[in-house]
Amino acid sequence: MDTANVNINRLIEGCCENERRSQKELYLLLNDYAYKICYRYTSKAEEVEELVSEGFLKLFKNINRFETNRYPDTLSALKGWFKRILINTCIDFYRKYHNNAYYQQLTEDNASLQDHSASGLDIIAYKEIIEAIRLLSPSYRAVFNLFVIEGMSHEQISEQMGISVGASKSNLSKARENLKKILLKKTSYKAYA
């Protein structure tokens, strides 16, 4: 077993014993990772903080279930396990606060965008694409993230979010259309500025 695995295993054992020092070290190790995942599901900083905190609480509460000796790369396995906790936390949050509350309304401003045949995606930076995804309504953003980024099927999304398969497909289609309009709007300003 390599040194990195020994250190991670030591932290996990300490967390299983409720050692504050180990919990703090693991928190510092995984904090940025958790924020990046949660930011995919909400654009509000206070909601992201709440989701990350809740995710860590669940991690520390259930860390004794994580089997360190099962994986050759303990940190990668732990990150994958924690990612699933965070995604489920985000889905639960969505169900509780956003399920029927928000649907993005098309305004005259974003409904009448010009269609430019030149691809603006070459112009847009990664941060701008992420920001565009964050502009989607919560229901569209959640389905888009689960389908495109997490690779879930519509059936899995339906089960996880408590919506019909048809609603999942519809939300994905609308998310893609709205994302396309947002990105075209961003690139049209840059292309002609």
Completion exercise
Within region 143-177, restricting to residues that are more than 16 Å from the chain's Cα centre (by Cα) and touching a residue at least 24 places away in the same chain (Cβ under 8 Å), the one that is farthest from TYR97 (Cα to Cα) is ARG176
Exercise for the section: Go through the residues of region 23-30 one by one and say whether even a single one is farther than 21 Å from ALA77 by Cβ, surrounded by 12 or more Cβ atoms within 10 Å (Cβ to Cβ) and within 18 Å of the chain's Cα centre (by Cα). Expected result: no
Practice task
Can you work out which of the residues in region 38-73 that are modelled with pLDDT under 90 and among the β-branched types (Val, Ile, Thr) is farthest from the chain's Cα centre (by Cα)?
Solution key: THR68
Fill in the blank from the handout: Checking LEU11, LEU51 in turn, the sole residue that is in contact with a Ser or Thr (Cβ under 6 Å, 6 or more places away or on another chain), surrounded by 14 or more Cβ atoms within 10 Å (Cβ to Cβ), free of Cβ contacts under 8 Å to residues at least 24 places away in the same chain and part of a helix (DSSP H, G or I) turns out to be LEU11
Practice task
Scan region 57-78 and give yes if some residue there is hydrophobic (A, V, I, L, M, F, W, C), out of contact with any Ser or Thr (no Cβ under 7 Å at 6 or more places or on another chain) and within 28 Å of ALA167 (Cβ to Cβ), otherwise no.
Solution key: no
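The values are calculated or read from the model by the stated rules, or taken from the named source; none is laboratory data. Treat the numbers as computed from the prediction; the structure is a model and nothing was measured. Reconstructed Cβ throughout: ideal geometry from the backbone, glycine too, with neighbour counts over all protein chains shown.
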